[in-house]
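Contents: one structure, followed by commentary.
Every number in this text was worked out from the coordinates using simple rules, so none of it is lab data. Just so it is clear, the model here is predicted, and its values are computed rather than measured. Please note: Cβ atoms are built from the backbone with ideal geometry, for glycine as well, and neighbour counts cover all protein chains shown.
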Amino acid sequence: MAAFLLERLMRLARMERAAFTREGGWRGQRAGALALLFALGLLLSESRGALAAALAGWAAGLALLRGPERRRYVRHSAVFAGAAAVLARGLAAAQLAPAPGAGALALAAVLAAALLASALVAGALPRSRPPAAGLRRAACACGGAALLLAAPLAALPESAGFLGRGFRPETASARAAMYADAAALLRRSPWLGQGGDTWRHAFRSIQSLPYVGSEVHSGYLDLALDLGLIGLSFVLLWLGVLAIPLLRARSALLPPYLALLLHSAVDFDLSYGLVWLLLLSAAAIGIAEAREDRLRFPPRPTLASGGPLPDAAWFLPWLVRGAFAVVAAMLLLLSVSGYREAESQRLHRQALALPPQANREAAELLQRSLALSPYRTAARLALAERSAPQEAASLLRAGLRYEPECSELWLALGRALAREGDPAAAEALRRSVELDRFDRVKQTTALRELSQLAQSLQASGHLRQAETAASAGADLYADYSRLAEAVAGAPTSRNDRAFLLTEEAMELGRQLQQQSHPLTRNALK
């Protein structure tokens with residue numbers, strides 16, 4: 001919304017008065033109507049980062065323009081920002097669902113007033129007789145002001161908290177914690193990165209607060225984690241090179257381009273393909289417009305027109321054929337890979353849709369799904385649930401080769417080993433908790449499995465191993481209780497995951513503490 005708004009404002013600033021008349025096709029009014037809608041969408045997002053990026057882009061536009069264009073830019077901006085604020089306040093009071101009649105009336109009134117004021121800014125009124133023109137301007141200005149004042153009455157009552165919600169501090173603490181955690185994660189491999197989706201796979205193992213955030217809320221930090229500082233430098237250099245022609249041509253698309261880049265610094269925009277398409281489109285259109293205005297190349301002679309080809313052009317057909325062959329090969333590989341992935345997902349969904357009685361058929365479908373896509377953790381976990389403990393443990397260990405820091409795989413492995421009575425389950429469960437320590441369900445499950453493992457080992461006569469398992473569970477409970485106490489003692493911090501010490505965990509903790517005392521000595525007595 002910010003990028004589209006800035007583009008419309010820049011176009012409006014460079015439109016002469018003829019664009020706001022019938023002869024000009026009412027281009028100014030059409031651009032103004034879109035500007036109002038974009039400004040309204042931006043305000044309703046209540047995104048402080050987007051607003052800050054929009055203001056920075058607006059300042060860049062102000063610096064690019066000169067003379068009358070700059071004055072029109074400022075006035076158009078004031079008109080549509082004020083009109084959008086009036087509509088946004090009413091919509092926020094109605095929780096974005098106003099009564100149809102009142103909402104339509106408010107929209108029509110504010111839109112008419114904004115377009116009228118925009119035409120006044122552009123000086124589109126006729127100037128045949130100065131007295132009549134002055135009276136007409138005064139009447140139009142009074143009418144526009146009256147419409148702007150009446151619009152809030154046509155809408156629902158204003159929301160006193162609309163402006164206040166823009167200054168909420170809740171997200172700031174979580175955002176700062178995310179950035180600090182991302183910096184710590186980046187230090188593990190600062191130059192070359194750790195591969196795709198690093199934050200999504202690793203943030204739960206390093207998060208300092210129980211926030212929910214599978215995105216790091218910074219496109220550049222995300223690129224640094226994936227590609228390293230070297231890869232990020234190449235990307236920034238490329239984006240900077242694209243901006244140079246826009247700056248030289250004082251292009252109307254430079255402010256939107258800058259707004260998208262700036263907002264990506266405080267949000268996860270760069271993880272969406274749409275933002276890349278907008279950036280490339282803005283650069284390409286801006287450069288093309290600059291070339292149309294400044295450059296006129298005559299057509300080069302060709303063999304068809306009787307002129308000779310350049311000496312170095314003989315290799316061009318071969319170059320085109322080679323490029324086509326490379327692209328075709330890449331598309332073929334992607335098609336095969338995409339087919340295997342799609343088929344794997346289809347088999348996985350088909351297995352999950354089967355009833356519990358068809359466990360054998362579901363296991364066969366999941367095995368076929370994994371054969372097509374062996375790194376699919378969800379299918380691996382579903383197959384492990386339907387397998388014997390020993391087979392499940394082998395299956396899960398194979399999955400850890402693809403995702404060694406997947407908490408779910410470690411938890412499933414710990415449960416499978418615990419069912420076998422294998423003391424190695426304690427280490428797997430501990431690793432699962434370490435990788436996702438703010439998950440109260442995993443914490444409680446790990447304690448439950450360790451308690452049952454200690455009881456099973458004690459019943460089978462392996463007293464020392466039972467004591468070791470119980471001691472590991474008691475240590476996990478002590479860490480869990482301290483962490484929950486620290487989160488509860490900081491009420492101002494974010495706790496999006498509702499992390500707390502569960503009642504079941506407290507009961508299991510007491511049992512593990514009792515079991516971890518010298519069981520061997522009691523048995524000898």
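So here's what we get for this one:
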read-out	value
DSSP-loop chymotrypsin sites (Phe, Trp or Tyr not before Pro) across the stretch 399-438, with at most 14 other Cβ within 10 angstrom	Tyr402
Amide hydrogen neighbours beyond the local backbone of Val266, cut-off 5 Å, H modeled	Gly219
Fewest-first sequence of Val241, Val110, Val121 by Cβ atoms within 10 Å of each Cβ	Val241, Val121, Val110
Spacing of the two label points (7 Å from each Cα toward its C-beta) at His462 and Ser481, in nm	2.7
Within the stretch 396-430, trypsin sites (Lys or Arg not before Pro) in DSSP loop having at most 14 other beta-carbon neighbours inside 10 Å	Arg401
Rough spin-label spacing in nm, given labels placed 7 Å along Cα→Cβ, for Ala85 and Val212	3.3
GluC sites (Glu not before Pro) within the stretch 16-62, DSSP loop, no more than 13 other Cβ atoms inside 10 Å	Glu23
Length gained when the stretch Gln367-Leu51 is fully extended (0.36 nm per residue, less Cα-Cα span)	108.8 nm
Whether the stretch 8-64 is rounded, prolate or oblate, judged on the alpha carbon gyration tensor where a/c under 1.5 counts as rounded	oblate
Fewest-first sequence of Tyr339, Tyr211 by Cβ atoms within 10 Å of each Cβ	Tyr339, Tyr211
3J(HN,Hα) from dihedral phi, the stretch 346-357, Karplus parametrisation 6.51/-1.76/1.60, rounded to Hz, x for glycine, proline	5, 5, 4, 4, 5, 5, 5, 7, 6, x, x, 5
Inter-centroid distance (Cα atoms) of the stretch 406-480 relative to the stretch 17-91, Å	60
